[in-house]
Amino acid sequence: MQKLFKSALLITIFAFLGLLLSFITQVVVASLFGAGASMDAFLASNAIPQYIIMVIIGSLGLIFVPVFVDYTATGREEEAWQIASSVINLCLLTLGALTVLGMAMPGAILRLTAPGLPDLTHNVAVRVALITWPGLLATSIISLLTGIYQSKSRFGWPAAAAVIVAMLNLGLVVILTKVWGIIGLAIATTVGLFFQVSLLLPIALRRGCYRFIINWRHPAVLQVLSLLTPLVIANMIAKSTPLLDRFLASSMPEGSISHLGYAFRLLTIASTLIATGITTVVFTRMAVNAAKENLSELRNTISLSLRFMWLAVAPIIALGVALALPFVSAIFQRGKFEAADTDAVSALLKIYLLSLAGGCMGNITGRTFYVLKDTRTLAVIGSIESIAYVIYTVFLARFYGAVGVALGYVLFFNISLLWQIFVIRYKTGKVGGRTVFNSFIRIGVAALLGGLAAWCATILTANVWAQLICGVLTGFVAYVAALNVLGVNEFKVLWHMIASHFGLNKHIPANICI
């Protein structure tokens, strides 16, 4: 438990630094471009590359890691690298072809994905797309190399590399946007991705590791492809949420794509900060539990992860909703980002934050299906819920505009989490669940009290920075106090682990049971 905590803490610290730099970059971008046509063009041009990343690359990394772990854990290191080389090379060939296609016909693709863009905005988006499409290749290699590092319990360097790249990206954005505007932002983004590849390559370039081979017939390569194929087919619908959002928003008033983009970016920063450390470390442990067919330990790992995740997610939702307006105003409202943009983005952020539960904890439940090598269930049920998402989001957008798009996103992720929890409980022995439920209720009540305290603090002053600082401090203190009063065991364990890590307490309670 303590070892997992230390690894998760290390990754979270690096993730925080990277996200802080990314956040500063976002503030700079907001000041430079606001929510106008240029930002709409940038976001629209990235819709398809990001869609492909979510459909193929996200799933590929999660499928590949358990297979790689199986071979390395049994002493078959050389064979594991043959498998890795084959998967990497297949990925390069497939995504290379898609990249060439995307760069050959960006205009036609944009007419399909964002048909409502004005001609001038469309032309800018075409130029941006020519620069950002190659980032697809870089992202795929980053995902696979990061998975290899993590499968060897080397969590620090991939996280540190992301921080280094975030620093580079911030510098490039400041320099290049002064010369080329939104095109400079596209160049900075793509250059940063390829630089991150160069930082991660050493693990593959050692003697006897990566090779220029594609062993189609190897059982593990066939296993990866067989697990990936149904998931990719299902993800073509399941991961279409941002694509549908951009499609619908392109026909809304100018700035709608940008408002959704800014709010979604803030949500992404929050979810990444919360989930990265826990899910990265836990995924490897779950893969080992599944490889040993130890369902009892797998259940315990899932239960612990969900409860500790909710301990972090619940207050972020409550405090975020209470402080969204002063937060967006204090951070973004300057330069070309105006008061009307603040109102629009903060309203969307309040809604998007409600998806954090499904988004963050879904990182754990979703990975459970991967370690159990059951991608078919994800594919079938995911396809059904995605079709439903398209229907109700189109309906909500028609009546509520951009707010309806955000509501559809919230419904999608939270419904997904619910069915995954029930199915996982069934697949792991139909045991447990009461401890998780009771913990969720207590933590949820404490978070609501913290959010209420934060909101009350904001009405004492009109200064947005004072509202933000007082709200965060008051809300956090109220949340911690409520956790103690309600006797939340997970908080006590977390406190003891932190104290022990810094030498303040030599005693660490035993693992929490299901």
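The values are calculated or read from the model by the stated rules, or taken from the named source; none is laboratory data. As the structure is a computational prediction, the values presented were derived from the model and not from experiment. Cβ sites come from the backbone with ideal geometry, for glycine too, and all protein chains shown count toward neighbours.
Can you say whether S271 is in contact with a Gly (Cβ under 6 Å, 6 or more places away or on another chain), of a type outside the set (A, V, I, L, M, F, W, C) and in contact (Cβ under 8 Å) with a residue 24 or more places away in the chain, as far as the supplied structure shows? Yes; evaluated as a whole, the condition is true for this residue.
Where residues in the stretch 69-97 are more than 26 Å from P49 (Cβ to Cβ) and surrounded by 16 or more Cβ atoms within 10 Å (Cβ to Cβ), which of them is farthest from the chain's Cα centre (by Cα)?
Of all residues in the stretch 69-97, those more than 26 Å from P49 (Cβ to Cβ) come to 69-83.
Going one step further and asking which of them are surrounded by 16 or more Cβ atoms within 10 Å (Cβ to Cβ), we end up with 69-72, 80-83.
Details: V69: 23, D70: 26, Y71: 28, T72: 27, A80: 27, W81: 27, Q82: 29, I83: 27 Å.
Only one residue tops the list, namely Q82.
Checking each residue in the stretch 393-451 for being surrounded by 17 or more Cβ atoms within 10 Å (Cβ to Cβ), hydroxyl-bearing (S, T, Y) and farther than 19 Å from L306 by Cα picks out T393, Y409. Against the test of being under 29 Å from V403 (Cα atoms), modelled with pLDDT under 85 and touching a Ser or Thr at 6+ places or on another chain (Cβ under 6 Å), the options I237, I182 yield a single qualifying residue, I237. In the stretch 19-45, of all residues being among the polar types (S, T, N, Q) and over 15 Å from A114 (Cβ atoms), the one that is surrounded by the fewest Cβ atoms within 10 Å (Cβ to Cβ) corresponds to S31.
Within the stretch 201-214, can one find any residue that is basic (K, R), under 25 Å from the mean Cα position of the chain (by Cα) and either buried (at least 18 other Cβ atoms within 10 Å of the Cβ) or not in a helix (DSSP H, G or I) (or both)?
No, every residue in the stretch 201-214 fails to be basic (K, R), under 25 Å from the mean Cα position of the chain (by Cα) and either buried (at least 18 other Cβ atoms within 10 Å of the Cβ) or not in a helix (DSSP H, G or I) (or both).
Going residue by residue through the stretch 264-284, is there one that turns out to be surrounded by 24 or more Cβ atoms within 10 Å (Cβ to Cβ), of a type in the set (G, A, S), in a helix (DSSP H, G or I) and over 13 Å from the mean Cα position of the chain (by Cα)? No, there is no match, as no residue in the stretch 264-284 is surrounded by 24 or more Cβ atoms within 10 Å (Cβ to Cβ), of a type in the set (G, A, S), in a helix (DSSP H, G or I) and over 13 Å from the mean Cα position of the chain (by Cα). Filtered by the rule that a residue be surrounded by fewer than 22 Cβ atoms within 10 Å (Cβ to Cβ) and part of a helix (DSSP H, G or I), the stretch 110-120 gives R111, L112, T113, D119, L120.
Considering each residue of the stretch 87-110 in turn, at least one proves to be without any contact (Cβ under 8 Å) to a residue 40 or more places away in the chain and within 20 Å of I257 (Cα to Cα).
Scanning the stretch 427-438 for residues that are in a helix (DSSP H, G or I) and in contact (Cβ under 8 Å) with a residue 40 or more places away in the chain turns up K427, T435, V436.
Quick one: which of I459, I441 is without any contact (Cβ under 8 Å) to a residue 24 or more places away in the chain, touching a helix residue (DSSP H, G or I) at 6+ places or on another chain (Cβ under 9 Å) and among the hydrophobic types (A, V, I, L, M, F, W, C)? None of the others qualify; the one that does is I459.
Scan I148, I183, I142 and give me the residue that is surrounded by fewer than 22 Cβ atoms within 10 Å (Cβ to Cβ), assigned to a helix (DSSP H, G or I) and of a type in the set (A, V, I, L, M, F, W, C).
On the way: I148 fails: surrounded by fewer than 22 Cβ atoms within 10 Å (Cβ to Cβ); I142 fails: surrounded by fewer than 22 Cβ atoms within 10 Å (Cβ to Cβ).
It is I183.
Per-residue answers, yes or no, for (1) of a type in the set (A, V, I, L, M); (2) within 19 Å of the chain's Cα centre (by Cα); (3) surrounded by fewer than 22 Cβ atoms within 10 Å (Cβ to Cβ):
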| residue | (1), (2), (3) |
| --- | --- |
| S329 | no, no, yes |
| G335 | no, no, yes |
| A340 | yes, no, yes |
| A347 | yes, no, yes |
| L353 | yes, yes, no |
| G359 | no, yes, no |
| I364 | yes, yes, no |
| D374 | no, no, yes |
| I387 | yes, no, yes |
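Answer yes if at least one residue in the stretch 59-69 is over 22 Å from N235 (Cβ atoms), at pLDDT below 85, out of contact with any strand residue (DSSP E or B) (no Cβ under 7 Å at 6 or more places or on another chain) and assigned to a helix (DSSP H, G or I), and no otherwise. Within the stretch 59-69, one or more residues are over 22 Å from N235 (Cβ atoms), at pLDDT below 85, out of contact with any strand residue (DSSP E or B) (no Cβ under 7 Å at 6 or more places or on another chain) and assigned to a helix (DSSP H, G or I).
Residues that are surrounded by fewer than 21 Cβ atoms within 10 Å (Cβ to Cβ), assigned to a helix (DSSP H, G or I), modelled with pLDDT under 80 and under 26 Å from the mean Cα position of the chain (by Cα) are absent from the stretch 46-53.
Taking the residues in the stretch 290-302 that are out of contact with any Pro (no Cβ under 8 Å at 6 or more places or on another chain) and buried (at least 20 other Cβ atoms within 10 Å of the Cβ) as candidates, determine which candidate is nearest to A357 (Cα to Cα). Among those that are out of contact with any Pro (no Cβ under 8 Å at 6 or more places or on another chain) and buried (at least 20 other Cβ atoms within 10 Å of the Cβ), it is I302. Search the stretch 480-506 for residues that are part of a helix (DSSP H, G or I) and pair each with any residue that is modelled with pLDDT of 70 or more and surrounded by fewer than 17 Cβ atoms within 10 Å (Cβ to Cβ) when their beta-carbon atoms are under 8 Å apart and the residues are at least 6 apart or on different chains. Close Cβ pairs (under 8 Å, with a partner that is modelled with pLDDT of 70 or more and surrounded by fewer than 17 Cβ atoms within 10 Å (Cβ to Cβ)) amount to A482/V445; F491/V480; F491/N484.
Is one or more of the residues making up the stretch 403-421 more than 30 Å from A249 (Cα to Cα) and of a type in the set (A, V, I, L, M, F, W, C)?
The first filter runs over the stretch 403-421 and keeps only residues more than 30 Å from A249 (Cα to Cα), leaving 421.
With of a type in the set (A, V, I, L, M, F, W, C) added as a condition, the list becomes 421.
Yes, the stretch 403-421 contains at least one residue that is more than 30 Å from A249 (Cα to Cα) and of a type in the set (A, V, I, L, M, F, W, C).
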